[in-house]
Structures are given as structure tokens and as C-alpha cells.
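Asks: Have a look at the structure that comes next, please.
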Amino acid sequence: MLFGMALLLSTAQFAASDPATVFHVKDFGALPDGTDDAGPALRAAIAAAMAVDGPAVVQLDGGVYRVGTASGETNALPIRG
């Protein structure tokens, strides 16, 4: 669950003249193992992407990213690319 944030996942390509800054959630500590909570890393990557001037992409590479709530509950939402 992302608190107060909208997340748009798209396979759309940016124009070559307008390259996007890419933020890989793994670089922020997310492990795509389905066990560790990737929520803090995902939120940090989104915050970094929102802070740049220009197009930005938050990249989730292959794997299972578990995102828990503050209470530790999780919901399954498969996102496929």
C-alpha cells in the first residue's frame, strides 16, 4: 500500500529527446524475494523520482515485491510487465 501516492505503471517509451531518469527500487534496498518488505524502498524511489526536474521512471525488475502496511498486513497485487 502506498500512502497518499498514486503509482502509474506503464510500458510506454519516452521520446529520445526527452530521456527519463530511472530509479531502480533495488538501488533503494528492495529485494524481489517476496519475503522482505519492499515498501520503504519503493516509497524512497518514488520520492526520489518526484524530486527530479523532468521525466522519471520507478523501475521494478523481475521478482516478487512484498509491500506491507504499517501494521504489517500485506495484500497481493500482481503487476506484470
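Asks: Would you check which residues across the range 24-41 are in contact with a strand residue (DSSP E or B) (Cβ under 7 Å, 6 or more places away or on another chain) and open to solvent by less than 70 Å² (accessible area, probe 1.4 Å) and list them?
Replies: Within the range 24-41, HIS24, VAL25, ALA30, PRO32, GLY34, ASP36, ASP37, ALA38, GLY39 qualify.
Asks: Any residue in the range 47-64 that is within 17 Å of PRO19 (Cβ to Cβ) and in contact (Cβ under 8 Å) with a residue 12 or more places away in the chain sitting within a Cβ distance under 9 Å of a residue that is surrounded by 12 or more Cβ atoms within 10 Å (Cβ to Cβ) and hydroxyl-bearing (Ser, Thr, Tyr)? List the pairs, counting only those 6 or more apart or interchain.
Replies: The qualifying pairs are ALA48/THR21; ALA49/THR21; VAL52/THR21; GLY54/THR21; PRO55/THR21; ALA56/THR21; VAL57/THR21.
Asks: Name the strands (runs of 3 or more DSSP E) wholly inside the range 15-59 in which the number of residues that are among the β-branched types (Val, Ile, Thr) is 2 or more.
Replies: Of the strands (runs of 3 or more DSSP E) lying wholly inside the range 15-59, those with at least 2 residues that are among the β-branched types (Val, Ile, Thr) span 21-24, 56-59.
Asks: Moving on to the next point. Check ASP53, ASP18 and return the single one that is modelled with pLDDT of 90 or more, open to solvent by 70 Å² or more (accessible area, probe 1.4 Å) and more than 11 Å from the chain's Cα centre (by Cα).
Replies: One residue alone meets the criteria, ASP53.
The values are calculated or read from the model by the stated rules, or taken from the named source; none is laboratory data. As the structure is a prediction and not an experimental result, all values here were calculated from the model. A quick note on method: Cβ atoms are made from the backbone with ideal geometry, for glycine too, and the neighbour counts reach across all protein chains shown. All accessible areas refer to the heavy atoms of the entire protein, side chains included, with ligands and DNA or RNA removed. Shrake-Rupley method; radii C 1.70, N 1.55, O 1.52, S 1.80 Å.
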